[in-house]
Amino acid sequence: MSNLFEKTASLNTPIECFVFDSSAEEFPVKPHWHYFAEFIYMQSGTAAMTADGASFTAEAGSLTLFPPLCVHSISAGGEEMPVYSVLKFDLGKFPSVSSYSPSPSVIFRYASEKKMPVYFGRTAAEEIGCGDIFGDCISEMKDFRYGYDVMLRSQIYRLIYRIIRCWENVGLNIWECPVNADADRSIDNITEYIDRHLSESIKVADIAAECHLSYSAFAAKFRERYGMSCKEYIER
């Protein structure tokens, strides 16, 4: 699986949102995976997609979620080349708004373990509000006005929670997840822990211990995952 990791796919900004026209860009998208979550909202055409071995056709108006670590690919699904909106972000940057409920990153990992659906057809995508959410995100990224980052985050929380509610409707019990991210800490969500403890005097060695890794192993994995050292992340 390591040979499918796209190091060039590291996010340039905390949130990326744009329209992808497959007729004008490098296409198809070959099988790969990354640490951030990726959401695809089909505007027109159809796309043949794979996600961790499952194959399906995404129609116009549908939503597809590629969770962190999910090996996925996208190719043309018909004569009309697909055009779709893309939203990418690190789930670890979106903690739970309450201390008693599991964080979105924990819920998404648990949902992956439970094989919850990653494809939502046109009707489900409409109920989630994908057209408005993706449209607003793209507009905010384009206009870059005061408070755009807050507006983006509010729309992403809206998307995340509505997807989680869809999973609840088909049997996901989020209360079986760890109540706090601290109970399920790894290199993939350690930044959430760091962000919540920045006001304290935290040491890299202590953070490595939280991930049950040696200092050297943690340092190497952190740099590979985030493109900087843990110390640089803390002092940024």
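Simple point charges give the picture: +1 on the Cβ of Lys and Arg, -1 on the Cβ of Asp and Glu, and for segment 185-230 a dipole about the Cα centre of about 140 debye. Cysteine residues of the chain whose C-beta has no other cysteine C-beta under 4.7 angstrom: Cys70, Cys130, Cys166, Cys177, Cys211, Cys230. Relative to the longest principal axis of the Cα atoms of the chain, the long axis of helix 215-226 makes an angle of roughly 30 degrees.
State the answer as a single residue: which of Ala47, Ser62, Ser154 lies farthest towards the positive end of the charge dipole of the chain, with beta carbon charges of +1 for Lys and Arg and -1 for Asp and Glu, about the Cα centre. Working it through, the farthest residue towards the positive pole turns out to be Ser154. Taking a straight Cα-Cα cut-off under 20 Å and skipping sequence neighbours fewer than 8 places away in the same chain, the lysines within cross-link reach of Lys221 are Lys7, Lys93, Lys203, Lys231. The packing ranking, built from the mean of other Cβ atoms within 10 Å per residue, places the peptides 16-24, 157-165 in the order 157-165, 16-24, highest first. Relative to the longest principal axis of the Cα atoms of the chain, the long axis of helix 130-143 lies at roughly 70 degrees.
All of the numbers you see were taken from the coordinates with simple rules; none came from a lab. Owing to the predicted nature of the structure, the values given are computational and were not obtained by experimental measurement. We place every Cβ from the backbone using ideal geometry, glycine too, and count neighbours over all the protein chains shown.
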